[in-house]
Structure formats: C-alpha cells, structure tokens
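Working notes for the structure below.
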Amino acid sequence: MRIASIGLAAAFALLAGGQAQAAPAAKPAIQLATETAWAAALKVHASTDACSTSIGMTAAKAVARYCRFQSPATHPPCDNENACSYMTDHIDNQNIGVAGEIVPGETDMSAKDWKTLATVHVQ
C-alpha cells in the first residue's frame with residue numbers, strides 16, 4: 001500500500017506540471033574533509049607558519065593530498081610543512097576552478113577521483 005501511495009504522489013506531481021526530482025548525491029567523506037581543510041587553509045592565508053601548525057596535521061595533509069592530486073608539477077609545493085598559502089596559491093595558479101567551487105576543480109572530479117585522492121600519499 002505504501003509503495004502505491006508513493007507512486008500516486010509522483011503521478012500527481014507530474015500531472016500538476018512538476019517534475020519528480022532525485023535527491024542530489026551525497027558528497028564522499030574525503031570531499032567533505034578536503035573542503036573543510038581548504039576553507040581552514042584559506043582562513044590562515046597570511047600565516048607563514050607550516051600549514052600543519054596553522055590548521056592541524058590532519059587538515060594540512062588533506063590540503064597537501066589535494067594539491068598533489070591536482071598539480072601537474074613533478075615536484076609540487078604540496079607539503080604540509082609549507083605554509084597553507086603556498087599550497088592553495090599553487091592550486092589557484094593552475095586555473096582549474098570555476099566560480100562557486102569550494103575547492104578549485106572539485107566539480108570536475110568524479111566519485112572515482114575522490115576515491116583515488118584518498119590514496120595519495122603525503123608525509
């Protein structure tokens with residue numbers, strides 16, 4: 001009976017001119033952690049201290065991991081002992097982002113990319 005009522009509600013929505021919309025997919029945990037770490041790194045942008053000192057080791061590693069994943073450089077400046085600004089500026093200079101992204105380039109990443117990002121090794 002419950003299934004029939006759900007189907008009936010969807011039919012009424014379509015008849016009324018509305019469209020049944022699927023809920024947006026939840027972001028992977030690694031993406032949420034990266035977004036949080038990126039925001040923290042931007043807040044301490046003026047600091048010259050090591051990123052790990054400025055925002056904590058876990059968040060700094062998340063920023064460094066994302067930096068290494070996105071950087072085409074053979075020796076990118078993606079190390080949690082660098083200042084957070086050094087890493088975020090490096091990624092910003094890659095011009096991979098679009099307006100409205102929390103982390104530059106995130107909208108071009110698939111669930112598989114985020115899964116791969118989780119395996120990127122950082123010190």
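Rounded to whole numbers, the Karplus 3J(HN,Hα) couplings from phi for segment 103-112 are 10, x, x, 5, 6, 8, 8, 8, 4, 5 Hz, using 6.51 cos²θ - 1.76 cosθ + 1.60 with θ = phi - 60°, and x at Gly and Pro. First check a/c for segment 58-123, with a ≥ b ≥ c the square roots of the eigenvalues of its C-alpha gyration tensor; if it is under 1.5, answer rounded, and if not, answer prolate when a/b is larger than b/c or oblate otherwise. Judged from the Cα gyration tensor, segment 58-123 comes out oblate (a/c at least 1.5, b/c at or above a/b). Spacing of the modelled spin labels on Ile102 and Val122, each 7 Å from Cα toward Cβ, amounts to 1.6 nm.
Segment Thr74..His45, full-extension length gain: 8.0 nm, with 0.36 nm per residue of separation and the alpha-carbon distance subtracted. Taking label positions 7 Å along the Cα-Cβ direction at both Leu32 and Thr58, the computed distance is 1.3 nm, reported to one decimal.
None of the figures in this text is laboratory data; all of them are computed from the coordinates on show. These numbers were taken from a predicted model, which means no experiment stands behind them. Using ideal geometry, Cβ is built from the backbone for each residue, glycine included, and neighbour counts are taken over all protein chains shown.
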